[in-house]
1. Give the long-range amide H neighbours of MET249: residues separated by 5 or more places, or on another chain, with amide H under 5 Å away, using H modelled in the peptide plane at 1.01 Å from N.
2. Relative to the Cα centre, what is the charge dipole magnitude of the range 174-362, using +1 at the beta carbon of each Lys and Arg, -1 at the beta carbon of each Asp and Glu, and rounding to the nearest 20 debye?
3. Given a Förster radius of 22 Å and the C-beta distance between THR199 and ALA235 as r, what FRET efficiency does 1/(1 + (r/R0)^6) yield to the nearest 0.05?
4. Please list, ordered by chain and number, the residues whose modelled amide H lies under 5 Å from the amide H of TRP274; skip anything fewer than 5 residues away on the same chain.
5. Residue by residue through the range 251-256, which ³J(HN,Hα) values in whole Hz follow from phi under the Karplus form 6.51 cos²θ - 1.76 cosθ + 1.60 (θ = phi - 60°), with glycine and proline marked x?
6. Hey, rough spin-label estimate for ARG190 and ALA23, points 7 angstrom out along Cα→Cβ, what's it come to in nanometres?
7. Taking H placed 1.01 Å from N in the peptide plane, check which residues at least 5 places from GLY46 or on another chain put their amide H under 5 Å from its amide H.
8. First measure r as the distance between the Cβ atoms of ARG206 and ALA347, then evaluate 1/(1 + (r/R0)^6) with R0 = 22 Å and state the FRET efficiency to the nearest 0.05.
Amino acid sequence: MAELRGLETVVSGRYLAVAPGPAGAAPSTVFQGLDVPPAEPLPEAGLEFVLEGDDRHGIQQDVPITYRGVKVGHVLEVGLAADGAHVEARGFVQSRYRPLVRDNSVFWSNSGIDVNVGLTGVEVSADTLSTVAVGGIALATPDSPGEEVKTGHRFFLHAKPEKQWLQWRPRISLVDAGLAGNVKPPPLLRATLRWKQKTLGIPRTRRREGWLLPVSQNWLLGSATMFQAPPEAEADSGVLEIAGQEIAMEAARLVLSGRLAAYPLERPVTETTWPAADIRSPKSPEDSLVMAFTSDPLPLVANQFTSKDGRWQLPPTTPITGDWHAAPVLAIEDGKLIGFVVADEAAQDVEPIGETLASKLK
């Protein structure tokens, strides 16, 4: 019924929209009507951009921006450019849908009703009845999405879509990037494992660098390769350098779980640790954040993973390289550590934390 009323307003006249007042305010029976709706507060993690076109195409302030008919944002304002040569509209997309907007995305006016009269009758086309009522802008992104854009990026506003745009079906993670600001990053420490190894009969020192996570109760957690020297190393020659300390590796004390491992310490290497209570073993792939070392957290959705042999394989298009090896993976649901990235020549996946390892750390 609400949709019918929306269509009714298009053909019969104007209607009023109402927003509730603040809780605890005094009752009132007299109100002052506004010509335009009040501006909505903008979340910091959303994306603001500029659409420029040759014409307004019926676009108004606060009309929706849609993706496949779903509202993902709205228009903040519309006006002429400073030189008067074209029309500019400021658009805003919510943080959850920000990954949909890429540098090769396209936008077009979705305002009004497209009527075609033919031999078979009259065809009326409109995405939704609400779009007919207030107009709107539609968004599409190619099957091979480009780079994500920053605030202020400029796009051209087309009058109508091309046929191929309506056929695009990219797979894009829609984990809310704004949640990253609410998730505390694990206090990773840079570490070096060194060992003795003979080359042509001559003993030489070899090294491997990586990241480890100090956990409460005096544990170090991370990739097993950071605790274990290769088989060709001299026995008991492995030494871990971390936070200005040297720790002789004792294989008998190492707790292994797949490609992950934990090592107990005689004394803490740092005062800042990750709580063992914030570590758990996931039962299946989850919406996650990969906490990168040198860039923003990378959101991943559960259906992007393929479970195989207890590992969560990532699609080849995931922008993870060897630099992400041993990056912690946190669950979106509760911010707890649930695994680590393994990114090397042989694999590009997530190793989840096993139940035995999670229990041992506690």
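Each reported figure results from applying straightforward, stated rules to the coordinates on display, with no laboratory input. Not measured: the values here are computed from a predicted model. Cβ atoms come from the backbone with ideal geometry, glycine included; neighbour counts cover every protein chain shown.
1. For MET249, whose amide H was placed from the backbone, the distant partners under 5 Å are GLY238, VAL239, LEU240.
2. 500
3. On the way: r = 17 Å, r/R0 = 0.76.
With R0 = 22 Å, the Cβ-Cβ based efficiency is 0.85.
4. Under 5 Å from the amide H of TRP274 lie the amide H atoms of VAL215, SER216, each far enough along the sequence or on another chain.
5. Here the 3J(HN,Hα) series is 4, 5, 8, 6, 9, 9 Hz.
6. Computed distance between label sites ARG190 and ALA23 equals 4.9 nm.
7. It is SER95, by chain and number.
8. Details: r = 22 Å, r/R0 = 1.00.
So, using R0 = 22 Å, E works out to roughly 0.50.
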